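Scroll down for the structure; my scribbles are underneath it.
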Amino acid sequence: MPQDVNKRVFLKSRPGVNGEPTDDNFDVEGCETPSSDKLQDGEALVKTLYLSVDPAFRCCLNEDTGAEYLTPLQIGDTVHWLGIGVVTASKDEGLKQGDYVTSNFDWPWTNVFVKAASQLKKLPKESVQDRPSLALSALGVTGLTAYLGIKVKGHVSPAANQTMVISAAAGSTGSLAGQIARAEGCKRVVGICGSKEKCEYLTSQLGFDAAVNYKTEDVSDRLKEACPDGVDVYFDNVGGDISDKVIQQMNRDSHVILCGQIAVYNKDVPYPPPIPAPTQQTLAERNITRDRFLVLNYADQFDEALLTLAGMMQQGKLQVRETVMEGIENAGKAFVSMMKGGNIGKQVVKVADV
């Protein structure tokens, strides 16, 4: 298919509620390129620059997402999630050519598209700096999730000498959460991830005190070594067996930030998923809080949080690493790779240059 042909990625098949997604669940085809001449009042023509792929998107591949803020994709539907692009033409007073825009979970996996301006969010150019993809990581939902998760649910106090453990720590949210935990005053920050390369990245580049490779090390034993004073805050991105082991080493009156449960996204269970009786007993006996955190419930704090995150980047307190796959036709492949841990930092798909 020629590179200048407009393309759309669509859902070809479902992986099944208990199945792992594969490249074959997605397909790509040419589609009509919308014309600026046919724009209606209040519409904008947008060119996609980057697409985001995230674990929570897995829920959209089932007939029932299990999440009230997400709608399921239908077979044949153009895939939609998060993205950033640039306006190439507009018939709306609030948008002009060259503006950066994003939207909430309804960005189509298409090179070029028309959308009502009311469904697009204009981004200040300074907020994306020279990296538009930042609007999908540190300066977008990912960064907000890491920052507000810690601020709202972590109860971090610089005077408390706290230890925070983060699962999926080399991923998009986890890698930011560890750095934010340090900046907020945690005495010790420990990450759990799935490769030697990721562990080295956390400790040598991001300032984690220790990293645990859950694929090659005994998680319980390593956590005892890495967290000699126990665990005060757990930023939970994975759930499952790993989280059960972390919770067993948490201190009294400690806090779980229940952010994601990637370990069970390919299983037909409710969200948040049920936890084993011994884990429930530990939570109750030690008065450990474990409340679901959904960043969309804190929209009134977004602007202030984004300013803080931008300031942290400018001060060198926040490093943002990306795993980039080129081409919209590879968006499904990028998602499947990310679900298998193929990324370090934020997984994005580069669709076009500005």
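The values are calculated or read from the model by the stated rules, or taken from the named source; none is laboratory data. What you are looking at is a predicted structure, and each value in this text was computed from that prediction instead of being measured. Here the Cβ is made from the backbone with ideal geometry for all residues, glycine too, and neighbour counts use every protein chain on show.
Tabulated values for the structure
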{"quantity": "Qualifying position, being at pLDDT below 95 and not in a loop (DSSP other than H, G, I, E, B), among Arg8, Arg58", "calculated": "Arg58"}
{"quantity": "Checking Ala169 against (1) buried (at least 24 other Cβ atoms within 10 Å of the Cβ); (2) assigned to a helix (DSSP H, G or I), the condition it does not meet", "calculated": "(2)"}
{"quantity": "Filter pass, Ile275 being surrounded by 15 or more Cβ atoms within 10 Å (Cβ to Cβ) and at pLDDT 95 or above", "calculated": "no"}
{"quantity": "Sole residue being assigned to a loop (DSSP other than H, G, I, E, B), modelled with pLDDT of 95 or more and crowded, with 19+ Cβ neighbours inside 10 Å, chosen from Leu82, Leu73, Leu45", "calculated": "Leu73"}
{"quantity": "Any chance Tyr69 is in contact with a Gly (Cβ under 9 Å, 6 or more places away or on another chain) and not β-branched (Val, Ile, Thr)", "calculated": "no"}
{"quantity": "Considering residues of the range 304-354 that are of a type in the set (Gly, Ala, Ser), closer than 24 Å to Tyr100 by Cα and at pLDDT below 95 only, the residue surrounded by the most Cβ atoms within 10 Å (Cβ to Cβ)", "calculated": "Ala310"}
{"quantity": "Subset of the range 61-89 [closer than 17 Å to Phe10 by Cβ and touching a helix residue (DSSP H, G or I) at 6+ places or on another chain (Cβ under 9 Å)]", "calculated": "Leu61, Thr71, Pro72, Leu73, Val79, His80, Trp81, Gly83"}
{"quantity": "Selection count, the range 320-352, where residues are of a type in the set (Lys, Arg), under 19 Å from Phe10 (Cβ atoms) and under 12 Å from the mean Cα position of the chain (by Cα)", "calculated": "0"}
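Yes or no, residue by residue, for (1) surrounded by fewer than 19 Cβ atoms within 10 Å (Cβ to Cβ); (2) in a loop (DSSP other than H, G, I, E, B); (3) of a type in the set (Lys, Arg):
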| position | (1), (2), (3) |
| --- | --- |
| Asn104 | yes, yes, no |
| Leu144 | no, no, no |
| Ile150 | no, no, no |
| Val156 | no, yes, no |
| Met164 | no, no, no |
| Ala183 | yes, no, no |
| Cys186 | no, yes, no |
| Ile192 | no, no, no |
